[in-house]
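Below you'll find the structure I mean.
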Amino acid sequence: MASSSSTASSGTAARGASSGAVRVRRQLPTSPWLFAAPGLLVVGIFILYPFVSTLVNAFTDRRTLIPGEFVGLANFRELLHDEMFWIGLRNSTLYVLGVVPALVLLPLLLALLVQKNIPGIAFFRSAFYTPVVASIVVVGLIWVWLLDERGLVNSLLETIGVGRIGFLSDQWLLLLSAMAVTVWKGLGYYMIIYLAALANVPRELHEAASVDGAGAFRRFLTVTVPAVRSTMVLVGALSSVAAFKVFSEVYLMAGPDGGPAGEDTTLVMLVQRTGTGLTGRVGYASAISVVVFVVTVALMLLVLRADRKEDA
């Protein structure tokens, strides 16, 4: 009797375990989606929906308080004859050409300087990274105060007899000043990326190059650059997209009007100026946003294609 009862209880336990396993197996396909649901919901609401809405609005004449109607390619045809659009495209392109080479090379040199473990180097690493964590609004206002006609820089220039320079009143100097702020703020961020890449460069390569008589500059060109080339491509892609979509630096230094006669307006500033307000042309601003999206994707593809050609 005891053996039969134990056999029955063990059979019941086995059936319970098997049924529990079946329930677990049935729950497994859906449980990952439950964990991912909050993130997917955020992505859908704040990324996918605005993206699709922008694409749809680009083909309408929608305004802020008016739904608008389908107008086809009318907004894009208007872009071709809009002088401000071409000014914004010119400035955004110049921004990429001026900022990207500096953000690809200077952080690498900075990373080489702070790579060695010497006393006090941690302080300099933190100091170089401080602008990254600072608010762009605070950074912009500080540079405006420094470069203003009555600011510190012009006061020093006047003291040494050079005279005051209109950093914020001249069209090209203002754009160059904004580029300098972007480079200054981004140095620390890309420096950290390069430091991670330099840590994976075998020390034996530098030692072998030194034995062959290569100096520091030659070792940089023949050992360091090839070893971190993929990282340089990554930095170039990230910085080019960020530079083409620049807004805060130019907006803070040039003002909402985009500098003298709007000559320093960028494409993203034009989107903000055109599509906001009670009478904002949301459809037209969406068309400009689509152009910005297409150009940034093209920049990424060009950088990646250049990297693949170099590998080949």
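Applying the selection to region 238-265, what residues are assigned to a loop (DSSP other than H, G, I, E, B) and under 20 Å from SER135 (Cβ atoms)?
Hits for region 238-265 are LYS245, VAL246, PHE247, GLY255, PRO256.
Residue-wise test of (1) at pLDDT below 95; (2) open to solvent by less than 100 Å² (accessible area, probe 1.4 Å); (3) of a type in the set (Gly, Ala, Ser).
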{"position": "ARG25", "(1), (2), (3)": "yes, no, no"}
{"position": "TRP33", "(1), (2), (3)": "yes, no, no"}
{"position": "ALA37", "(1), (2), (3)": "yes, yes, yes"}
{"position": "PHE46", "(1), (2), (3)": "yes, no, no"}
{"position": "PRO50", "(1), (2), (3)": "yes, yes, no"}
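Only one of LEU174, LEU195 is touching an Asp or Glu at 6+ places or on another chain (Cβ under 8 Å) and of a type in the set (A, V, I, L, M); which?
Result: LEU174 is the single residue among LEU174, LEU195 that is touching an Asp or Glu at 6+ places or on another chain (Cβ under 8 Å) and of a type in the set (A, V, I, L, M).
Further question: If ALA36 satisfies all but one of (1) in contact with a Gly (Cβ under 9 Å, 6 or more places away or on another chain); (2) without any contact (Cβ under 8 Å) to a residue 60 or more places away in the chain, what's the number of the condition it fails?
Going through the list (1) in contact with a Gly (Cβ under 9 Å, 6 or more places away or on another chain); (2) without any contact (Cβ under 8 Å) to a residue 60 or more places away in the chain, ALA36 breaks only (1).
Related question: Given the options VAL282, VAL295, name the one that is under 18 Å from the mean Cα position of the chain (by Cα) and touching a residue at least 24 places away in the same chain (Cβ under 8 Å).
Of the residues listed, the single one that is under 18 Å from the mean Cα position of the chain (by Cα) and touching a residue at least 24 places away in the same chain (Cβ under 8 Å) is VAL295.
Identify the single condition in (1) open to solvent by less than 40 Å² (accessible area, probe 1.4 Å); (2) at positive phi that GLY213 does not satisfy, given that it satisfies every other one.
(1)
Still on this structure: Kindly evaluate LEU278 against the criterion of being outside any helix (DSSP H, G or I) and open to solvent by 70 Å² or more (accessible area, probe 1.4 Å).
Judged against the criteria, LEU278 is a match.
For a quick check of your reading of the model, give me the residue pairs whose first member lies in region 152-177 and is in contact (Cβ under 8 Å) with a residue 24 or more places away in the chain and within 26 Å of SER92 (Cβ to Cβ), whose second is of a type in the set (D, E, K, R) and open to solvent by 40 Å² or more (accessible area, probe 1.4 Å), with beta-carbon atoms closer than 6 Å and at least 6 apart or on different chains.
Short answer, once both residue conditions are applied: GLN171/GLU263.
So is ARG273 basic (Lys, Arg), modelled with pLDDT of 90 or more and open to solvent by 20 Å² or more (accessible area, probe 1.4 Å) or not? Can you show your working first?
Values: basic (Lys, Arg): yes; modelled with pLDDT of 90 or more: yes; open to solvent by 20 Å² or more (accessible area, probe 1.4 Å): yes.
Yes; evaluated as a whole, the condition is true for this residue.
The values are calculated or read from the model by the stated rules, or taken from the named source; none is laboratory data. Keep in mind the model is a prediction, meaning the values are calculated, not measured. Because the Cβ atoms are built from the backbone with ideal geometry, glycine has one as well, and the counts that use them run over all protein chains shown. Note: accessible area is taken over every heavy atom of the protein model, side chains too, but ligands, DNA and RNA are not part of it. Shrake-Rupley method; radii C 1.70, N 1.55, O 1.52, S 1.80 Å.
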